[in-house]
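Okay, so here's the structure we're looking at.
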């Protein structure tokens, strides 16, 4: 069997563009993977074209070898714009291999170590008012969810760090009182806080026992987590913006986090994620899979987490396949998805990432949550 083509599909998805990569072979079998960065389809298409030249004629079963070829064929190490496409191709290769052997992907990477994959839900709406957050949390618990994620909220397009921090603390404690001690609560700062606000947030949340505080600091200087670690006792999670085991190394070997937020669509796919999980296991760090995108991304995370011994929880917005806050595996081969994605392909939907600022006009980081606030 040889690879005959590698192509990018753009699928309209709620005002955004879901980007899928298809790997075709000369035996009419194919695999599908999802690109973890949706913001630049034209960049992803250019990278796909580059990877196609590297992969056509190759044996698709040599997944580790092809991972090395894709990530190291240029002199400069692959960055996120490249690794998100490499990730999709890697996932597609695992999907294809599962179809070749007529088994789910988790059976190819060690087999199941658990019967289901526990997931957490996003609490909506994400805004400055506390009561809607409490009401949404209660509703999700009534639907069977046992892990809920709140955020450090924006107010429209404004995020003033200290104001948002105070609101987040109020909301978190209100939800804890409303849902009780048996429900695990997570809060995501989306990398928007500086160290003083991050320290205050974490320390003020300690009595409410968060499952973890996610991305309180920007990822450009991972050493900043060292000071935060010294000044709070809450579990910390980070890593959804990191693109390889080399970037995760500082957080894991420095014992700076408790949960590694691995995104299979960014770090290099299942192949690289397994290496990160192995390193994390030696430091008692659990995997909390970042999974905010489409069904292919979710299916890949499910297959990976079924076989990951140090798995903690998977991000999973409410939707099909979630039962009592968990995903249960099926027995279909590969990723377990049988959809004609080519029929759904279309031209990219034009959209611009939100612009978030502080009260004085200073630019700050944004998140996909703001698209939902805007009704997209």
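The numbered conditions (1) crowded, with 21+ Cβ neighbours inside 10 Å; (2) under 17 Å from residue 332 (Cα atoms) are all true for residue 101 except (1). A single entry from 139, 146 fulfils the requirement of being more than 19 Å from residue 6 (Cβ to Cβ), in the same structural domain as residue 214 (by TED's automatic domain parsing), in contact with a strand residue (DSSP E or B) (Cβ under 7 Å, 6 or more places away or on another chain) and at pLDDT 95 or above: 146. Counting only residues that are over 19 Å from residue 165 (Cβ atoms) and surrounded by 16 or more Cβ atoms within 10 Å (Cβ to Cβ), region 220-249 holds 10 of them. Determine whether residue 27 is more than 21 Å from the chain's Cα centre (by Cα) and over 19 Å from residue 345 (Cα atoms). So residue 27 passes the test. The condition (being in the same structural domain as residue 290 (by TED's automatic domain parsing) and either surrounded by fewer than 20 Cβ atoms within 10 Å (Cβ to Cβ) or farther than 25 Å from residue 307 by Cβ (or both)) is satisfied by just one residue among 57, 111: 111.
Among the residues of region 298-316, not a single one is on the phi > 0 side of the Ramachandran plot, touching a residue at least 24 places away in the same chain (Cβ under 8 Å) and in contact with a helix residue (DSSP H, G or I) (Cβ under 8 Å, 6 or more places away or on another chain).
If you check residue 264 against the conditions, is it modelled with pLDDT under 95 and either farther than 30 Å from residue 106 by Cβ or in a loop (DSSP other than H, G, I, E, B) (or both)? Judged against the criteria, residue 264 is not a match.
Within the span defined as region 108-122, one or more residues are over 30 Å from residue 175 (Cβ atoms), in contact with a helix residue (DSSP H, G or I) (Cβ under 7 Å, 6 or more places away or on another chain) and not in a loop (DSSP other than H, G, I, E, B).
Selection of region 66-106 for residues being in contact (Cβ under 8 Å) with a residue 60 or more places away in the chain, part of a helix (DSSP H, G or I) and farther than 19 Å from residue 4 by Cα yields 71, 80, 83, 84, 101, 105, 106. Of the residues making up region 210-231, those that are more than 14 Å from residue 288 (Cβ to Cβ) and in contact with a strand residue (DSSP E or B) (Cβ under 8 Å, 6 or more places away or on another chain) are 216, 217, 219, 222, 225, 228, 229.
Restricted to region 283-297, and to residues that are touching a helix residue (DSSP H, G or I) at 6+ places or on another chain (Cβ under 8 Å) and part of a strand (DSSP E or B), which residue is nearest to residue 258 (Cα to Cα)? Per the stated criteria, the residue is 286. Just one residue in the set 306, 279 is at pLDDT 95 or above and crowded, with 24+ Cβ neighbours inside 10 Å; that residue is 306.
Per-residue answers, yes or no, for (1) touching a helix residue (DSSP H, G or I) at 6+ places or on another chain (Cβ under 8 Å); (2) within 26 Å of residue 314 (Cβ to Cβ):
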residue: 172; (1), (2): yes, yes
residue: 183; (1), (2): yes, yes
residue: 190; (1), (2): yes, yes
residue: 197; (1), (2): yes, no
residue: 200; (1), (2): yes, no
residue: 208; (1), (2): yes, yes
residue: 211; (1), (2): no, yes
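The values are calculated or read from the model by the stated rules, or taken from the named source; none is laboratory data. In this text, all values refer to a predicted model and were calculated from it rather than measured experimentally. Quick reminder, even Gly has a Cβ in these numbers, built from the backbone with ideal geometry, and neighbours come from all protein chains shown.
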